[in-house]
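The values are calculated or read from the model by the stated rules, or taken from the named source; none is laboratory data. Remember, predicted model here, so these are calculated numbers, not experimental data. Note that each Cβ is placed from the backbone with ideal geometry, even for glycine, and that neighbours are counted across all protein chains shown. Ligands, DNA and RNA are excluded from the accessible area calculation, which covers all protein heavy atoms including side chains. Shrake-Rupley method; radii C 1.70, N 1.55, O 1.52, S 1.80 Å.
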Amino acid sequence: MQTNLETTPTSTDSFLWGVATSGYQSEGGYNAPGQPQNNWSIAEARGAVMKTGKAAEFWTRYEEDFQRCQQMGLNSFRIGLEWARIQPSTSTTPTSAPPFDRNALDAYADRIAACRRYGLEPLVTLHHFTHPAWLGIDAWLEEETIEAFVEYVRVSVTHINHRLTEQYQQAPIHWYITINEPNMLVTSAYLSGQFPAKVRGFGSVLKAYDHLLAAHVQAYNCIHDLYVVEGWTTPQVSLNTYCSDLYWSEKVIWDLLDLRRRQIDPDELDNYIFANAKQFSQTLKDANLNFRRDLPYRLGRFVGHAANWFGHRRFKVRSLQTYLQALAASDRPEVFDYVAIDYYDPFIAHILRIPAFSDFEFEIKDFRGWLMSGITSKWWDWRSLPEGLHFFCQYYSREYGDRPVLIAENGMALRRKPDNSIATHRPDQMQRSEFLEAHLQQVNRLLEEGVPVIGYMHWSLTDNYEWGSYTPRFGLFTINFEAGTDRLVADHLGDRPSETYARLIQKSQQVRSSLSQGYAEQ
């Protein structure tokens, strides 16, 4: 048993104030000749998407980034492990599993240790949309991927924690996310075509969901079992979802994960899911959120109704046999320790926009694709509705046995091409500082109401590679990619969001400290 280990320096505020990042999007060093290859490699090579290249060079600039976070007053940092770097292949040809790279595992442990030296609690993501190229593009359609993933988790968690405890005298990792946004991974690959895939269709969606959820359950058990054997403090393990008001896109995942706790009879699973879908829709309606009910919104409502009808018609729990078997084989009463949501624009009625045909990132050769791209919302069109963040956090906390809720991502995009040929305002003219003000007001409201929200991770620390493009800008620090990867405080609109975030955190901590003092004196 490990004892007397150094833990993360803590402030008087136990709430996790942080930023979220992912390896492939920020590290650099993937998919060029001689580098680790992942499932985006072929798309990059063909020019279907922009090359990642150096990305934000987090792999070499991590220490200065941690220092920036410390200076902002953050106490947490969401960092990703990249499976393709840890179990690498320099070929895009599917093969048997190559050996693990112990040097890469050491390097990740070193970065997590450095994270803690700057007073930042690491929240470690084990899978963030990408997998090694040796598994093939459609890896999650194959049941064998589950075993490969769990072995990657076992080796990585064991090796990194041993290095943390033995080399650095630090505690093992406490917070894990097994799989980032399985709902976005599946729909982007097998419905919308935004992610690399060789096949499309609803059958592939269900098969990938089946394997991803089974992989989460087995990884959850693997991590908890390792900690029991080693005598380490019990970790907190979950997955995170892209928040959506379409039941079949998100909440169904949490309901499926909660089957064990609710002890649903196997013959009643479909009825349970359909009843929850109806109840969710009614609760959203009763919330009476303040939507801007313009023409795109009204047309988008029809899309939402059609998607909901399709979900009711096509979703069958029996399609998820691999997941149900993994759940039945689990000897643990639960398979997630907290609820983690990524809140951007979760409302399907916002899927459409006033037609615009001048902001396409890539050449579109067919008329249907050109038309659909012109009428569907882009990153910078996503609408801001902060009250929705309050609704989802409060609702999910009540739904899942008062489990704590983590806001694992929240952010907004500006539009600025990497060559700076276009750098514009958003259609709604909102700047990132305004967005932060509005959303952190809701976070503080949740905390004042006693909703068990445990943290807020802003996406992201810097501009980075946004799944095929560098044009969407989400960073608290912007980057002029034409000139390198230096982190700049002021964005192209003159806004300084990192300073705003620091001020808002300090203000929140002061208010909560005063309230706590007042309660103590009563």
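Quick look at the numbers
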{"item": "Cross-link partners of LYS417 among lysines (Cα-Cα below 27 Å; sequence separation of 8 or more within a chain)", "result": "LYS51, LYS54, LYS365, LYS378"}
{"item": "Segment 270-329-segment 71-126 distance, computed between alpha-carbon centres (Å)", "result": "35"}
{"item": "Under 20 Å from LYS285, Cα to Cα: aspartates and glutamates that are on another chain or at least 8 residues apart", "result": "ASP245, GLU250, ASP255, ASP294, ASP345, GLU387, GLU399"}
{"item": "Accessible area in square angstrom per residue, the chain, 1.4 angstrom probe", "result": "41"}
{"item": "Zone residues, segment 121-159, relative to ASP225, backbone N less than 20 Å from point 7 Å out along Cα-to-Cβ", "result": "126-127, 143-159"}
{"item": "Computed helical MRE - 222 nm, the chain, DSSP H runs ≥ 4 contributing -39500 (n - 2.57), nearest 500", "result": "-14000 deg cm²/dmol"}
{"item": "Ranked packing of 421-431, 41-51, 438-448, most packed first, by mean Cβ within 10 Å", "result": "438-448, 41-51, 421-431"}
{"item": "Local electrostatic count at GLN394 - Lys and Arg +1, Asp and Glu -1, tallied over other residues with Cβ under 13 Å", "result": "-3"}
{"item": "C-alpha center-to-center spacing [segment 421-443, segment 455-496] in angstrom", "result": "13"}
{"item": "Label-reachable residues, segment 412-445, where backbone N falls under 19 Å from a point 7 Å from ARG398's Cα toward its Cβ", "result": "442-445"}
{"item": "For peptides 80-86, 110-116, 280-286, sequence by mean Cβ density within 10 Å, most packed first", "result": "80-86, 110-116, 280-286"}
{"item": "DSSP H segments from the chain that extend 15 Å or more along their own axis, Cα-based, with Kyte-Doolittle mean of 0.0 or above", "result": "202-230"}
{"item": "Accessible carbon and sulfur surface of the chain relative to its total accessible area, %, 1.4 Å", "result": "50"}
